[in-house]
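All remarks here apply to the structure that follows.
Values quoted throughout were computed directly from the atomic coordinates according to the rules given, and no laboratory measurement underlies them. What you are looking at is a predicted structure, and each value in this text was computed from that prediction instead of being measured. Note: ideal-geometry Cβ built from the backbone for every residue, glycine included; neighbour counts use all protein chains shown.
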Amino acid sequence: MPTSLINYGIAFIAICGYASLGVLAKRSSLDVPPFAFIGVTMVFLAGFAITASLLTEKTFSISSLTGQSWIWMIGFAVINFIAFSLYLNAIGKMPVVEYQIIAVITPIIGGILGYLILSEALSPRYFIGIAITALGLYIALKK
């Protein structure tokens, strides 16, 4: 099933939102330690997510979650916590533009993990894309 233009638009908006976080976090220059920052922002995120769930996911019940679902969600939270902690540390010590340039490897890592974990196919074009991305990173970050 081909991806619709609307889905690409939604993905683009999401990417713009995530891309803006580094700039906004650095611009705010808050004197808030990274773990406190994560904790406070996650409280707000939890409130927004719970509200959205209650308004849009009428058939969901927390009691229907299995033990395996809880394990996956906890694992997801741990990975998110570690990645966000490292992200805040990185943007505090390097220009945001350099971080964002390095972040272009996200689809490469996602593709490799998709192959390893989900058995999704990788075409030869994917590896050509990796080579082009690596060259682009080298050119962009070379001092």
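Descriptive notes on the structure:
- Summarising the label geometry, the points placed 7 Å from Cα in the beta-carbon direction at ILE71 and THR106 lie 2.9 nm from one another.
- Dimensionless Rg over Rh [the range 32-93; C-alpha; Kirkwood]: 1.07
- Projecting label points 7 angstrom from Cα along Cα→Cβ for VAL23 and LEU137 puts them 2.3 nm apart.
- Using the Cβ-Cβ distance between LEU45 and TYR99 with R0 set to 30 Å, the FRET efficiency works out to roughly 0.90.
- Per-residue ellipticity at 222 nm computed for the chain from its helices equals -26500 deg cm²/dmol, with DSSP H segments shorter than 4 residues left out and the rest contributing -39,500 (n - 2.57).
- Modelled label reach - PHE35, point 7 Å along Cα→Cβ, the range 55-83 residues with backbone N closer than 13 Å: 82
- Principal semi-axes in Å for the chain [√(5λ), Cα gyration tensor, largest first]: 29, 25, 16
- Extending 7 Å from the Cα toward the beta-carbon at both ASN7 and THR59 defines two label points whose distance is 1.9 nm.
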